[in-house]
Amino acid sequence: MRAQWFLILVAGFTSGVALRSFINLGSAFTIFLIFAGAVLFLFFILKKDRKVFLVSLTLFSIGLGILRYDISDAHRGDPFLDGHIGNTVSIRGFVSEEPDLRSDHANLTVDITEIDVAKAKHPIKTRALVITDRYPSWNYGDEISITGKLLLPKNFEQSDTGRSFDYVSYLAKDGIFYQFIRPTVSRIGEGKGNVIKRKLLLLKHAFLDRVSRVIPEPESSLLGGLLVGAKQSLGKDLLDDFRTAGVIHIVVLSGYNLTIVAEAIMRFFSFAPRMMGLTLGGISIVLFSIMTGAGATVVRASIMALLALLARATGRIYEITLTLLFAGFVMLLYNPKILIFDPSFQLSFLATLGLIHGAPLLEKHLKFISKTFGLRDIISATLATQIFVLPLLLYMMGKFSIVSLPVNLLILPFIPLTMLFGFLAGVAGFISIFLSFPFAFIAHLFLWYELKVVEVAAAIPFASMGGFTLSGPVMFFVYAATISIYILNKRKDARQEV
């Protein structure tokens, strides 16, 4: 009974957040929903009618979801800064996220602290995206001075789907409301921001430096992508090959990536007793998260990946599903904008559901595949996660890789060993370069093989096909049909057990 109430609360709250993400019906509508829910609850206390309670809980939770989004959307930038849109301004701030390095530029997320107007400094507290030269190199915590035209981000049309991308809301979910394009930027200090995060990122860069000393390119860049999500140095052409082959998830720190990698890690520890394997796998995922700098995206995906693995290891699928919903509920309470405008949250949630519910279901129908080296588990996990995220990927990108499944099956079994020996090579490099060579040699062999598989697959004609863009309603229908099929299968299995 309580589980049903919880599900209604989560569903109502999520529906409220989703509704408000697209439509602003005003505060009066929100107050009406909450008030109606409260009145019906009082009626329930008098009449003890369970249906009345469920309706009151539904209305109340929808109202709370809308209200939470309203609160998060109340502060959109700074009024003083808004008065200078389109003008050249001089501001100061610090780099508050790890720089996003591209081939010809760098994207810096900057927390603005003050603006200089008519030689008078005004304190400001907001965030901007600064597109600047890649060099000189930039680091998290750098205090910088920026002089350039202050702009508002604009939505744009995606070339792949022809659909307008809500870039404004995508940035707003991270508190970014302003933009500078190629301004004059100078470093005036360093050491700002969170001390722990800064140390973690320094550790990450030192680790990548040790790896690059013993493993050549492009293998070292691939290892950097596998271990810490440092995909930029792979280059555009190689990244396009990974997208064409349908394995971009292994070098991009998305929720889909972490779920797949986490499953591969658990397969690697399958030789150990269940609890030991679960513990070692969990520790590996935590270390993986820390090594990447423990950003919000990675932390969210890591939590979901751990829950999925816990469900598979213990068999307590129903309880873990409730825990997953609770984790998602807490994340939405913290930042409701991630529901619609954060692809990583969406992919990680769907991939986790696929791993929890889809993989065991598929495994029953794949008994003709050997369990040797965990092959059946890998195939069922890969199929389940891809089935669950495919409609969303088609909605977002409109492309489908026909070689994705075989390439994943050829690569994923070797990912844990690649990560293990690559990690050992980097750690050993802190002690001695010579000590890291044996580990680096083995890691290099795996990395060369994985790159070769991607290269060959991407060269296949029509390996990736476009024109499969799904509209929002069609995507919703596909997921509704998938859920219905799953429920029917569960009921069928229950009847057979009886």
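General observations
- Under the criterion of Cα pairs below 8 Å and six or more residues apart, the relative contact order for segment 353-498 equals 26 percent.
- Accessible area of segment 1-157 divided out per residue, in Å², using a probe of 1.4 angstrom: 56
- From the coordinates shown, volume of the Cα convex hull per residue in Å³ corresponds to which of (i) 175; (ii) 196; (iii) 157: (i)
- The relative contact order of the chain, computed from alpha carbon pairs under 8 Å that lie at least 6 residues apart in sequence, is 13 percent.
- Exposure ranking of Y167, Y178 by accessible area [1.4 Å probe, largest first]: Y167, Y178
- Simple label model, 7 Å out from Cα along Cβ direction - I283 to R182, nm: 5.1
- Protein heavy-atom surface of the chain, 1.4 angstrom probe: 67% of the accessible area is carbon and sulfur, with nucleic acids and ligands not counted.
- Antiparallel DSSP beta bridges within the chain, as percent of all bridges there, nearest 5: 90
- Efficiency of FRET from Cβ geometry, M465 and L203, R₀ 45 Å, rounded to 0.05: 0.60
- Taking 0.36 nm per residue of sequence separation and removing the Cα-Cα distance, the A74/A120 pair yields an extension gain of 13.8 nm.
The values are calculated or read from the model by the stated rules, or taken from the named source; none is laboratory data. In this text the structure is predicted, and so the values were computed from the model without any measurement. Cβ coordinates were reconstructed from backbone atoms using ideal geometry, including for glycine residues, and neighbour counts include every protein chain displayed. To get the accessible areas, we keep the full protein, side chains included, count just its heavy atoms, and leave off ligands, DNA and RNA. Shrake-Rupley method; radii C 1.70, N 1.55, O 1.52, S 1.80 Å.
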